[in-house]
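What follows draws every value from the coordinates through simple rules; no lab data is involved. Because the structure is a prediction, the values reported are computed rather than measured. We place every Cβ from the backbone using ideal geometry, glycine too, and count neighbours over all the protein chains shown.
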Amino acid sequence: LKFMPLNIFNSTDLDIRSFKSEMDQLVDKLLKDMNSKQNVNLNIVDDAEMQKLNKTFRNKDMPTNVLAFPNIGIGADDELGDIAINTDAVTRESNQQNITTRDRFLHLLAHGTLHLFGYDHKENNEAEAMEELEIKYLKDFNIRNPYTYEI
């Protein structure tokens, strides 16, 4: 049985088959580089579900594009945590940025996975470190620096 670092739960109509292997590769590379043998749960949701999650866990009554929930000892030991990615936001943002859904999705997946490892962007220096890592990992998938264009 092959170890699957990414467990995907897709409750939307977004077809991820064309870039599913790249999603696995991205998370696998991040986990290896961070010396983690854990896996990641990815929940693919829509605006309505994301708004519920954001309200419940962050007290913000609006949808967002990605949320990350690190395992703080309540999940299985082999789980790094859970990420939720909002496909409605992915579609909106990829259209605004004139990039593919795949590129935006992989960026949010990298962003969410880094959050699970404790990376944050509240302070400028933290944001720069996190963005540098995102740029580095996305380059492996021929995705240009997502911070060079306006959102």
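Pull out the extension gain between A48 and A129, defined as 0.36 nm times the separation in residues minus the alpha carbon to alpha carbon distance; nm, one decimal. Please list the in-between numbers first.
Working: separation 81, 0.36 × 81 = 29.16 nm, distance 3.14 nm.
Full-extension gain reported as 26.0 nm.
Would you work out the charge dipole size for the range 1-114 about its Cα centre, treating the Cβ of every Lys and Arg as +1 and the Cβ of every Asp and Glu as -1, and quote it to the nearest 20 debye? Write down the numbers at each step before the final one.
Numbers: 13 positive and 17 negative charges, 34 e Å.
Dipole about the Cα centre, nearest 20: 160 debye.
Would you be so kind as to identify which of V45, L116, I85 lies farthest towards the positive end of the dipole of the range 1-135, taking Lys and Arg as +1 and Asp and Glu as -1 on Cβ and the Cα centre as origin?
Selected residue: V45.
Ignoring everything except DSSP H segments at least 4 long, calculate the 222 nm mean residue ellipticity for the chain; use -39,500 (n - 2.57) per segment, divide by total residues, nearest 500.
The helix contribution divided over the chain gives -14500 deg cm²/dmol.
Using DSSP to call loops (not H, G, I, E or B), can you name the chymotrypsin sites (Phe, Trp or Tyr not before Pro) in the range 1-91 whose Cβ has at most 11 other Cβ atoms within 10 angstrom? Could the numbers behind the result be given before it?
Working: sites: F3, F9, F19, F57; in loops: F3.
Passing both the DSSP loop test and the Cβ count: F3.
Any chance you could get the radius of gyration and Dmax over the Cα atoms of the chain, in Å?
Rg, Dmax (Cα atoms, Å): 14.6, 43.
On a 30 Å Cα-Cα criterion, which of the cross-link pairs K52/K139; K52/K122; K29/K60 come out too long?
K52/K139; K29/K60
Using a simple spin-label model with points 7 Å from Cα along the Cα→Cβ vector, what separation in nm is obtained for D77 and R58?
Inter-label distance under the simple model: 3.2 nm.
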